[in-house]
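Visitor: Encoded as structure tokens, here's the structure I'll be asking about.
The values are calculated or read from the model by the stated rules, or taken from the named source; none is laboratory data. This structure is a prediction, so every number in the text was calculated from the model and none was measured. Note: ideal-geometry Cβ built from the backbone for every residue, glycine included; neighbour counts use all protein chains shown. In case anyone asks, the SASA skips ligands and DNA or RNA and just uses the protein heavy atoms, side chains included. Shrake-Rupley method; radii C 1.70, N 1.55, O 1.52, S 1.80 Å.
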Amino acid sequence: MKRVYLVFQTGSHQQTVYPLLETTTIGRDSGNLIPLPDPTASRYHAKVHHQEGSWVIEDLGSTNGIMFSGKRVEKISLSPGDTFQIGKTSFVVVEREIKESKDSLQTTLEFVLPTSSVGTDRRSVRLMDVISKIPFFAPLQETESEELAEDATMHVFSAGEMIIREGDPGRSVYVILDGRVRVFTRDNGDNELELATLGVGQFFGEMSFISGEPRSSSVAALELSVVVELSYDSMAKVIEQNQTVKKVLEKYHKFRKKDTQEKLADMGLTKPELLP
């Protein structure tokens with residue numbers, strides 16, 4: 001099964017990913033599936049739709065058009081690796097072969113639109129299932145899951161690309177939708193020390209979320225990976241509303257902190273920020 005994504009290459013949304021699963025409009029108006037906060041983009045600038053076995057981008061009568069390979073185009077088929085520009089924003093087309101799986105976490109990028117979800121932001125519906133499968137979100141009510149999904153942002157990272165760096169500030173929590181990542185630190189000689197490999201449905205970043213300290217380790221993609229970022233503000237709001245989530249998150253934090261300490265001890269190392 002092949003899955004196609006549009007990935008922002010430029011701007012404040014850089015690396016944000018949108019799966020192409022239905023006709024998708026792009027433009028300045030908030031009614032678009034991909035809204036662009038860009039005054040040089042028209043309200044309804046372009047649409048991407050499936051036609052005769054391929055994805056096609058088509059201009060909707062915009063002022064500045066669609067730029068493809070330095071030329072303005074009205075309509076053109078898209079292939080993996082193609083880039084195009086709308087206003088000041090550049091996109092790249094990414095395709096990945098996804099193995100069929102009965103595990104619902106492998107299909108979270110597909111739109112599931114039950115009758116009860118009419119009116120819910122279509123960009124967030126596809127994230128609700130993965131959120132419900134994360135242990136510390138299990139106590140959430142449906143409305144709380146919806147709010148968290150609405151604030152979530154998806155990103156795509158190529159193999160070897162850094163997602164977070166040790167020592168950097170940041171308190172977001174990340175969940176892996178597709179792919180695998182490695183967690184590692186460095187010793188005093190700047191040698192990399194592997195701590196863990198995480199896959200679909202697993203999460204990272206909770207240690208800084210809980211402690212408020214800079215990132216205690218680095219995380220990089222092992223292969224093309226899609227992750228959802230849950231901001232500190234949205235997570236804090238969930239915890240304020242549901243203390244059970246906080247308790248479960250703290251339990252995971254203590255387990256991972258202890259696990260990291262033991263692995264470092266086996267290597268003859270210690271990290272002050274991980275001491276009790």
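Visitor: Give the residue that is farthest from Glu95 (Cα to Cα), with candidates limited to residues of the range 33-50 that are open to solvent by 60 Å² or more (accessible area, probe 1.4 Å) and not hydroxyl-bearing (Ser, Thr, Tyr). Before the answer, list the steps.
Guide: Filtering the range 33-50 for residues open to solvent by 60 Å² or more (accessible area, probe 1.4 Å) gives 37, 39, 43-44, 47, 50.
When the remaining residues are screened for being not hydroxyl-bearing (Ser, Thr, Tyr), the result is 37, 39, 43, 47, 50.
Values: Pro37: 26, Pro39: 29, Arg43: 28, Lys47: 18, His50: 14 Å.
Only one residue fits best here, namely Pro39.
Visitor: Can you name the residue in the range 190-214 that is assigned to a loop (DSSP other than H, G, I, E, B), at pLDDT 85 or above and more than 18 Å from the chain's Cα centre (by Cα) and is also surrounded by the fewest Cβ atoms within 10 Å (Cβ to Cβ) among such residues?
Guide: Keep residues of the range 190-214 that are assigned to a loop (DSSP other than H, G, I, E, B), which gives 190-191, 199-202, 205, 212-214.
In the following step, the residues that additionally are at pLDDT 85 or above were identified as 199, 205, 212-214.
Now narrow it down to the ones that are more than 18 Å from the chain's Cα centre (by Cα): 212-214.
Details: Gly212: 9, Glu213: 13, Pro214: 15.
Looking at residues that are assigned to a loop (DSSP other than H, G, I, E, B), at pLDDT 85 or above and more than 18 Å from the chain's Cα centre (by Cα), I get Gly212.
Visitor: How many residues are open to solvent by less than 30 Å² (accessible area, probe 1.4 Å) and touching an Asp or Glu at 6+ places or on another chain (Cβ under 7 Å) when one looks only at the range 180-189?
Guide: So the first thing to find is which residues in the range 180-189 are open to solvent by less than 30 Å² (accessible area, probe 1.4 Å), and the list is 181, 183-185.
When the remaining residues are screened for being touching an Asp or Glu at 6+ places or on another chain (Cβ under 7 Å), the result is 184-185.
So the answer is 2.
Visitor: For Val175, work out the one condition from (1) over 18 Å from Tyr252 (Cα atoms); (2) buried (at least 16 other Cβ atoms within 10 Å of the Cβ); (3) at pLDDT 80 or above it doesn't fulfil.
Guide: Failing condition for Val175: (1).
Visitor: Within the range 232-252, is there a residue that is open to solvent by 70 Å² or more (accessible area, probe 1.4 Å), of a type outside the set (A, V, I, L, M, F, W, C) and in contact with a Lys or Arg (Cβ under 7 Å, 6 or more places away or on another chain)?
Guide: yes
Visitor: Pairs under 8 Å by beta carbon, first residue within 26 Å of Glu223 (Cα to Cα) and at pLDDT below 90 in the range 68-96, partner among the basic types (Lys, Arg) and open to solvent by less than 30 Å² (accessible area, probe 1.4 Å), six or more apart or different chains?
Guide: Close Cβ pairs (under 8 Å, with a partner that is among the basic types (Lys, Arg) and open to solvent by less than 30 Å² (accessible area, probe 1.4 Å)) amount to Glu95/Arg3; Arg96/Arg3.
Visitor: Restricting attention to the range 60-77, report how many residues are part of a strand (DSSP E or B) and open to solvent by 20 Å² or more (accessible area, probe 1.4 Å).
Guide: We begin by selecting, within the range 60-77, every residue part of a strand (DSSP E or B); these are 66-68, 71-73, 75-77.
Then keep just the ones that are open to solvent by 20 Å² or more (accessible area, probe 1.4 Å); that gives 67-68, 71-73, 75-77.
Within the range 60-77, residues that are part of a strand (DSSP E or B) and open to solvent by 20 Å² or more (accessible area, probe 1.4 Å) number 8.
Here's the yes/no breakdown for (1) at pLDDT 75 or above; (2) farther than 21 Å from Thr23 by Cα; (3) open to solvent by 60 Å² or more (accessible area, probe 1.4 Å):
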residue	(1), (2), (3)
Phe111	no, no, no
Ser116	no, yes, yes
Gly119	no, no, yes
Val130	no, yes, no
Ala138	no, yes, yes
Gln141	yes, yes, yes
Glu144	yes, yes, no
His155	yes, no, no
Ile163	yes, yes, no
